[in-house]
């Protein structure tokens, strides 16, 4: 599947913003914007698909997407990606074959999910030498680890030779980008965005009478802190007279922890289309991760108008959770602290929870697929005035 993109005219140079937006709607691309974008990605998800779809719909670009096949614990249906112009599985291509595929597509821009795939990095480096701009996403938080310290030393030749811009998820990721030498116009924010409209509809429809239940959405694996959540939930039930149920949505090796625990309902993995419906059946969202570079599910829950309870390692919580304002932060790994937060939220008055709901929804509007697409395209447009 291909899509014809209208040509820009010289008369549009120097247009004011309103006129430019009108021109974008008419032709599908702003002055100097990309026509063909190669996406070199890890595993695609529903929110990635939403961002790419917004990019295509708003700006009429043609997409070549290479992705790592879906994980067993997150088997996203193919229908979420079958609209993409060209979709290829990473494991079918050697580095040289990947180069031939991407170079044959002749992209204006390459967008990579990080730089851990050496094949992606080599292809990006070769294309950048030919004047193609390269953007790399980053959700890694700065920790000051030995590995990151080494990365600072080798970044000038290892990363700067292949990447023009680091597109970071948030402030904790910006700290890493700064130390790697990506600053000013070479560092963008807003790398992740959920399928905002779908989840915002839940907030509009729910009103003040949400079902009294906690919700967890994520993989059932140790890094997500599922054991901490189960222990905290047991403690919570011991402290209240009328405990809320805990709905768990996901899949993974620790599913056994949920079996036989009174009050816990395991609904297994659900497709992205069904997740807003799960959000509509709860009055609060919990993410108990031990390590969480970002956490797009926090954006989704906030857009759905759920008060949030997150561990303090969650990158998205820096921007989407204000302690006591729209939920509560707890120390990662501390089941007693998490249980206290659950008690506090469940025993809050309906008016307090409704206010938290509205605040979560308001904070979520920072990140939408439309804004994601605008950031990419207008960032590329700004490059047209700069040398490669």
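Quick notes on this one:
- Computed lengthening from residue 365 to residue 57, 0.36 nm per intervening residue step minus Cα-Cα distance: 108.9 nm
- Inter-label distance for residue 325 and residue 126, nm, one decimal - labels placed 7 Å from Cα along Cα-to-Cβ: 4.8
- Angle in degrees between helix 196-206 and the longest Cα principal axis of the chain, rounded to the nearest 10: 30
- The P(r) of the stretch 196-364 has a tail past 23 Å containing 29 percent of all C-alpha pairs.
- Between residue 351 and residue 234, full extension at 0.36 nm per residue minus the direct alpha carbon distance yields a gain of 39.5 nm.
- Helix 95-105 and the longest principal axis of the Cα set of the chain meet at an angle near 70°.
- Anisotropy class assigned to the chain is prolate, per the alpha carbon gyration tensor with a/c at or over the 1.5 cut-off and a/b larger than b/c.
- For the chain, the mean residue ellipticity at 222 nm estimated from helices alone is -12000 deg cm²/dmol, where every DSSP H run of n ≥ 4 contributes -39500 (n - 2.57) and the total is divided by all residues, rounded to the nearest 500.
- Note on 133, 291: ascending count of other Cβ atoms within 10 Å places them as 291, 133, the fewest first.
- A simple spin-label model places pseudo-atoms 7 Å from Cα toward Cβ; at residue 223 and residue 152 they are separated by 2.4 nm.
- Estimated FRET transfer efficiency (residue 86, residue 201; beta-carbon r; R0 30 Å; 0.05): 0.45
- Dividing the mean sequence gap of close Cα pairs (under 8 Å, 6+ apart) by how many residues the stretch 196-364 holds gives a relative contact order of 26 percent.
- FRET efficiency for residue 213 and residue 79, using Cβ-Cβ distance with R0 set to 30 Å, rounded to 0.05: 0.55
- Among 375, 143, 48: highest mean-square fluctuation, GNM of the chain, C-alpha pairs under 10 Å: 143
- Rounded to 0.05, the FRET efficiency of the residue 241 and residue 95 pair, given R0 = 51 Å and the Cβ-Cβ distance, is 0.25.
- Result for the chain in a Gaussian network model with C-alpha springs under 10 Å: among 304, 136, 206, the largest mean-square fluctuation is at 206.
- With Cα atoms, 0 to 90° folded angle of helix 350-364 axis to the chain main axis: 10
- Considering only 181, 190, 333, the Gaussian network model of the chain with Cα springs below 10 Å gives its largest mean-square fluctuation to 181.
- Residues 264, 309, 39, sorted so that the one with the fewest Cβ neighbours within 10 Å comes first: 264, 39, 309
- Altogether, the Stokes-Einstein calculation at 4 °C and 1.567 mPa s, with the Kirkwood radius of the stretch 295-388 over Cα pairs as Rh, returns a diffusion coefficient of 88 µm²/s.
- Taking each residue as 0.36 nm, the span from residue 344 to residue 358 lengthens on full extension beyond its C-alpha to C-alpha distance by 3.2 nm.
- With neighbours defined as other Cβ atoms within 10 Å of a residue's Cβ, the residues 334, 82 order from fewest to most as 82, 334.
Quick note: the coordinates plus some simple rules give every number you see, no bench work behind them. On a predicted model such as this, the values are computed, not experimentally measured, just so you know. Because the Cβ atoms are built from the backbone with ideal geometry, glycine has one as well, and the counts that use them run over all protein chains shown.
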